[in-house]
Amino acid sequence: MDKTPYTSVKESITWLLLLTCLIGCDRCQEPNCEGPDCNPTATPYPLEIPPFFPPMDIPADNPLTEEGVHLGRLLFWEKTLSLDESLSCGSCHFPLHGFSDPAQYSTGVTGAQGTRNAMALINLGWATSYFWDGRAITLEEQILQPVAHPDEMALPWTQAISRLQADASEVNYPEQFLKAFGTSTITPELTVKAIAQFLRTLISADSKFDQWRRGETNLTDDEFAGYEMFLREGGDPETTPGGQFGGDCFHCHTEAGLQFSDYLFHNNGLDSSFVSDAGLAGVSGAVLDSGKFKTPTLRNVALSAPYMHDGRFQTLEEVIDHYNSGGVPSSTVDPFMKYTTGGLELSPVQKAQLLAFLHALTDSAFVSAPQFQDPH
Amino acid sequence: MMKYLSSHIEKRNLAPFVWIGLLMVILAGCSRWVWMDNDVPGTFRMDTVLEWEGQPYSLGMETEDHMNHPLRLDNLQMYISEVALRNEQGDWEKGDKVHLLDFNVQNQRILDAFPPGMYNAIRFGMGLPSEINADIDPASYPNDHPLSVVGSAGMFWTWASGYVFVKYEGKYALQAGEQLIEPLSYHCGTDDSFRTVTWELEQSIQIRRQNLTTTELVFDASKVLIGEADSIDIVLDPVTHNSEGTTLGGRLMDLMVDAWTIR
């Protein structure tokens, strides 16, 4: 069909305007995902950020999708990922224990035990480093390690991938990867990405404390007194400027963002020597990092015994007693543990109030949520 | 005008339209109108240097205070805000950024944008002005912001008291030769602790548009413990967490004002 000059000009202008829009708009090309592993046909996962929580930084090359989260859950609970097919990730991270291990040290497939207590898997999407010593910077990097670790699942990744690729079960992993990532060729990178997606959905935000923050319930007098204790500076104001006779918990277990962790590393006065476990210093190589370990969240802390990086304390009462004592002096003990000569001097009643508050951080709905349980 | 357009269309002379279109594409595609805007700012950067009694110092190094106590600083963090330059008309041009200096990390810098011009004074605030200190939820900031939950790096106190303005932490010993295990922990904050550091410049600095202008600031950490008008005995006063505005915290902040020099 012949075009009139007028039509041609109109078309030209239309095209130019379209081009203008495309170039001028910074966000026109904002992708849902970046990188070769993204599947644009996967369904975006509707992640809800709870009130008072900070935004979650999700890697651009691993956006959450329904298919990816589902696959991650299957893999998290997949015993095929261990040498003798007896352990999954979930075998050491029990939901009812806040996704931690009630054993002091987890036992691997060879019977070997670790040297640290399995950390609770709660609100990991907001963490800035992983493991007690922070040796993994990303969640994906963290997930890579336990599968091949000889004292844990002890399965080389090459074998793990072969098993998943050859899967003939109803799950059909190649098909699951195809749905999640647009390829049925399974790799370690895609496997950890899927598990990371699942772990980022493990959000605990419905404890009694959360409900109180949202104005949905009241704390008991003891819980509230414990909360105030939690937020008060320790020490006698007569001898310690700024002292408020408090529990001094909030410095490390900050309530900012309601994560109850400052994401930093501290030596909290457990030991005076760090030969057996140097903590952060084992990663950084800095002597001044000796005995420093990552601050764990206090969410579901009443469920996640035992406590400390080495699970030395069986009860929260022991933990409170430790902090009340002021801990053990050393050259790297944290300044927050500043009352090394006298402790916090909390009374039995105050300790009980603090304990009541810590129990108010239990999120029963989170630990029993069906979408987090073993699907196999 | 319409006649002009019509004649071009009739003649199938589309060149003007193509050129206009291309111009539109270029203008729309460019988010920074750098060549048209006379007010495009320049960048002013202050590089910080940590010293102890006039000598280069790194956190973790053992040194001595003015009373000969062996001492080691392990942590020094500080919020800097309200950076401003005074122009030749006497008006203060204010930057809009908040900085969290962490001397555990090398090359700490204070960086802000200012209109081009000559400036004869510099000032900045140590700490945070009240309007952004308390009663603001850190979770409302993106995670890379220095006031965010993550970005504040342990400097958030509580909603009521706001942020810790300065952390000055370390260990000391009572006598030479002893192990450094006595804790030194100065946390200064609350609105009353906000201090302003100002320098009148002997020689004006020039900010050029789209250009970087730098200067060097020295923080002598030894001067936090002793100044011309005051001094701190770390054995008597090893701790302050002045969430209630204690006098020790205020004294420390006053000393810190004089710990800064411009080079």
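Where a number appears in this text, it was derived from the coordinates with a stated rule and is not lab data. None of the values given here were measured: they were computed from a predicted structure. Backbone-built Cβ (ideal geometry, glycine too); neighbour counts: all protein chains shown.
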Nearest 10, in degrees from 0 to 90: the angle of helix A:66-76 to the longest Cα principal axis of chain A is 50 degrees
Whole-Å distance linking the alpha carbon centroid of the stretch B:123-139 with that of the stretch A:114-180 is 41 Å
Measuring from the longest principal axis of the C-alpha atoms of chain A, the long axis of helix A:316-325 (C-alpha) lies at a number of degrees, nearest 10, equal to 60 degrees
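Based only on other Cβ atoms within 10 Å, what is the fewest-to-most ordering of A:173, B:186?
On the way: A:173 24, B:186 29.
The most exposed by this proxy come first: A:173, B:186.
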Taking only Cα atoms of the protein assembly as shown, the Rg to Rh ratio with Kirkwood Rh works out at 1.05
Taking A:132, B:92 and counting other beta carbon atoms within 10 angstrom, the fewest-first order is B:92, A:132
Between residue B:201 and residues 5 or more places away or on another chain, the pairs with built amide H atoms under 5 Å apart involve B:121, B:122
Taking a straight Cα-to-Cα line shorter than 15 Å from residue B:94, and setting aside same-chain aspartates and glutamates fewer than 8 residues away, one finds B:39, B:82, B:112
Answer check: the stretch B:98-152, Cα atoms, Kirkwood Rh, Rg/Rh ratio of 1.02
Phi angles of the stretch A:193-209, converted by Karplus (6.51 cos²θ - 1.76 cosθ + 1.60, θ = phi - 60°) into ³J(HN,Hα) in whole Hz with x for Gly and Pro, give 4, 5, 5, 4, 4, 4, 5, 5, 8, 7, 9, 9, 8, 9, 6, 4, 4
Any residue on another chain or 5+ positions along whose placed amide H is under 5 Å from the amide H of residue B:241 is listed here as A:242, A:243, B:187
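Please identify the GluC sites (Glu not before Pro) of the stretch A:112-182 that satisfy two criteria: DSSP loop assignment and at most 12 other Cβ atoms within 10 Å. Which are they?
A:170
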Those GluC sites (Glu not before Pro) from the stretch B:70-168 that are DSSP loop and have at most 13 other Cβ neighbours within 10 Å turn out to be B:88
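Is it possible to state the helix-based mean residue ellipticity at 222 nm for chain A, with each DSSP H run of 4+ residues giving -39500 (n - 2.57), the sum divided by total residues, to the nearest 500 deg cm²/dmol? What is it?
Numbers: 12 runs with 119 residues, N = 376.
The helix contribution divided over chain A gives -9500 deg cm²/dmol.
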From fewest to most C-beta neighbours within 10 Å, the residues A:210, B:96, B:137 line up as B:96, B:137, A:210
Sorted by chain and then number, the residues having a modelled amide H within less than 5 Å of the amide H of residue A:183, at least 5 places away or on another chain, are A:178
Rounded to whole angstrom, the alpha-carbon centroid of the stretch A:190-252 lies from that of the stretch A:310-376 at a distance of 11 Å
Dividing the mean separation of Cα pairs under 8 Å (6+ apart) by the residue count of the stretch B:42-262 yields a relative contact order in percent of 26 percent
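Could you give the dipole magnitude of the protein assembly as shown about its Cα centre, charging the beta-carbon of Lys and Arg +1 and that of Asp and Glu -1, in debye to the nearest 20?
Working: 40 positive and 85 negative charges, 489 e Å.
For the protein assembly as shown, the charge dipole is close to 2340 debye.
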Highest GNM mean-square fluctuation among A:265, A:250, A:274, for chain A with Cα springs under 10 Å, belongs to A:274
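Using alpha-carbon pairs under 8 Å, 6+ residues apart, how would you state the relative contact order of chain A in percent?
Working: 692 pairs, mean separation 69.6, N = 376.
Value for chain A: 19 percent.
Given a cut-off of 21 Å, name the pairs among A:292/B:167; A:294/A:351; A:292/B:97 whose C-alpha atoms lie farther apart than that in the structure shown.
On the way: A:292/B:167 18 Å; A:294/A:351 24 Å; A:292/B:97 32 Å.
A:294/A:351; A:292/B:97, as the Cα separations exceed 21 Å there.
How much of the DSSP beta bridge set in chain A is antiparallel, as a percent to the nearest 5? Spell out each step's value before the answer.
Numbers: 7 of 8 bridges.
Taking every DSSP beta bridge within chain A, about 90 percent pair in antiparallel fashion.
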Karplus-derived 3J(HN,Hα) from phi for the stretch A:145-151 (6.51 cos²θ - 1.76 cosθ + 1.60, θ = phi - 60°), whole Hz, x at Gly and Pro, runs 7, x, 4, 8, 5, x, 8
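Over all residues in A:234-240, what is the mean tally of Cβ atoms on other chains that come within 10 Å of each residue's Cβ? Can you show the working numbers first?
Details: counts 2, 2, 0, 2, 0, 1, 8.
If you average over the peptide's residues, the count of other-chain Cβ atoms is 2.
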The aspartates and glutamates whose Cα lies under 17 Å from the Cα of residue A:79, excluding any fewer than 8 residues away in the same chain, are A:101, A:151, A:152, A:167, A:170, A:374
What the Cα atoms of chain A span along the principal axes, largest first and in whole Å, is 95, 54, 43
